[in-house]
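Structure first, commentary second.
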Amino acid sequence: MQIHLKTLGCRLNEAELETWAQAFQAKGHGITRNLSDAQLVIINSCAVTQDAVKKSKQMIRRIHRDNPQAKLVVSGCYATLNETEAAQMMGVDLIVGNQDKNQLVEKALAELNMDSMPAMSTEPGEVSLFSRGRQRAFVKVQDGCRYRCTFCIVTVARGEESSRRIEDVVAEINALHQQGINEAIITGVHLGGYGSDIGSDLVELVKAILEQTEIPRLRMGSLEPWELPEGFFELFKNPRLMPHLHLPLQSGSDSVLRRMARRCKTAEFTELVSKARAAIPHFNITTDIIVGFPGETEEEWQESVDYIKHVGFGHIHTFSYSPREGTKAAAMPNQIGQEIKRKRSRELHGLAETMKQAFIAENIGTEADILWEGQTETLENGLIRYFGYSQNYLRAACDVAPNTLLENRITPAKLCRAEARFIAAEL
Ligand code: SF4
């Protein structure tokens, strides 16, 4: 049987698609990129914002319209938070809530009587279609979150913390490496909470991956900036662990952070960043900032900007606050107007670009190992331009002779000069 998988939203949703693809293939079924060839379609929906809910519903309608014969299974946060509504949508055959995602493959085949469909023979190590290109793959290691940040619906949709067993994560990464993947990105809803339910922790997990796999590069997915286990920054002494952390700060004002019910205030955040920068030169810290959180005064905004300038980030994802039904913040007084949100968002984008260029400038002239991707451009002078990422997650490009094969290779390169969309590098 041919199965088509689609996702919206976060890296965790993407990693889940990867795991389901592998599981369906292990049961002898095929994965197809062509919706029209599929007998079964799986949608991993999102509900992080109202807009994401709208997009999830649009995708369900479009897929049923474009392939009405296929059986349609919907999972993910939209389907979990709006189970009845999603189940009544045209063409939906089965809803699998977030709490049952680990059994999605079995449930889909059993409850839709598809486990009698003829199995195709798949070659061992057949490349899963859902790795990012064929260089990097997201690997889910943890789900759920015990915290209740007041703007966050994910903690509501994904429930309590649950961790995958270390041996399962190691096995998946070894399987991906066998398929040619050179970088694994471990991800979770609250990655720092890994192991809280199985008597383990993130340090033990990372050590096991580095000891029991030969994957050349291991990267951390987004990590809440608190309660990192003892010995966390020691891990980065291993050159296979990438010196880049995405630590969502959300605001640089402690009074705003209090209203967000965030567990990390600016003083603790500063301490974390200095530990990272002390551990490895050119360590890249990136972050998320919400602008226009309810009640955010001009003073608080200025405080936030000053603190962000004080820390300095390699990249900032800027989010304009949007009230999310079912969260505490949506019911808070003093919601900020669109015009002010737009003004603050513009200001932060400008600041973020300045800081990004400053971090790039700091890396110019240094040597880096680049994992080259498949995407290339042919230049007027006949050379081929390859793109890739450094260990500390800087986007680089180099121009080489047409017969040079760099795709999915890791090579040292000199970072020479900053260009608009990348750093020009030389092998
Ligand atoms: S820690 Fe992260 S996932 Fe948990 S409630 Fe806060 S924002 Fe949501």
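The values are calculated or read from the model by the stated rules, or taken from the named source; none is laboratory data. Everything quoted here is computed from the prediction, not taken from an experiment. Positions of Cβ are backbone-derived with ideal geometry, glycine not excepted, and every protein chain shown enters the neighbour counts. What goes into the accessible areas is simple: the full protein's heavy atoms, side chains included, and nothing from ligands, DNA or RNA. Shrake-Rupley method; radii C 1.70, N 1.55, O 1.52, S 1.80 Å.
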query = Tell me, which residue of region 5-23 that is within 17 Å of the chain's Cα centre (by Cα) and small (Gly, Ala, Ser) is nearest to residue 102 (Cα to Cα)?
reply = 15
query = Does region 359-371 hold any residues that are assigned to a helix (DSSP H, G or I), of a type in the set (A, V, I, L, M, F, W, C) and open to solvent by less than 30 Å² (accessible area, probe 1.4 Å), and which are they?
reply = 359, 360
note = residue 259 vs (1) open to solvent by 60 Å² or more (accessible area, probe 1.4 Å); (2) in contact with a strand residue (DSSP E or B) (Cβ under 6 Å, 6 or more places away or on another chain); (3) within 14 Å of the ligand (Cβ to nearest atom): all pass except (2)
task = Give the residue that is farthest from residue 320 (Cα to Cα), with candidates limited to residues of region 17-48 that are among the hydrophobic types (A, V, I, L, M, F, W, C) and part of a helix (DSSP H, G or I).
result = 26
message = Could you go through region 372-380 and let me know if any residue there is part of a loop (DSSP other than H, G, I, E, B), of a type in the set (Ser, Thr, Tyr) and open to solvent by less than 70 Å² (accessible area, probe 1.4 Å).
response = no
inquiry  = With open to solvent by 20 Å² or more (accessible area, probe 1.4 Å) and without any contact (Cβ under 8 Å) to a residue 40 or more places away in the chain as the only criterion, which of 309, 328, 343, 356 stands out?
reply    = 343
ask   = Of all residues in region 262-305, which are within 16 Å of the ligand (Cβ to nearest atom), open to solvent by 20 Å² or more (accessible area, probe 1.4 Å) and in contact with a helix residue (DSSP H, G or I) (Cβ under 6 Å, 6 or more places away or on another chain)?
value = 265
query = residue 134 fails exactly one of the following numbered conditions: (1) assigned to a loop (DSSP other than H, G, I, E, B); (2) under 13 Å from residue 12 (Cβ atoms); (3) more than 16 Å from the ligand (Cβ to nearest atom). What is the number of that condition?
reply = (2)
message = I'd like the full set of residues that are under 22 Å from the mean Cα position of the chain (by Cα) and under 30 Å from residue 415 (Cα atoms), limited to region 313-347.
response = 313, 314, 315, 316, 317, 318
inquiry  = Taking the condition of being among the hydroxyl-bearing types (Ser, Thr, Tyr) and more than 16 Å from the ligand (Cβ to nearest atom), how many residues in region 153-205 meet it?
reply    = 1
ask   = Looking at region 314-358, which of the residues that are among the acidic types (Asp, Glu) and modelled with pLDDT of 95 or more is nearest to residue 420 (Cα to Cα)?
value = 353
request  = Being in a helix (DSSP H, G or I) and of a type in the set (Gly, Ala, Ser) is the filter; apply it to region 49-90 and report the residue that is surrounded by the fewest Cβ atoms within 10 Å (Cβ to Cβ).
outcome  = 87
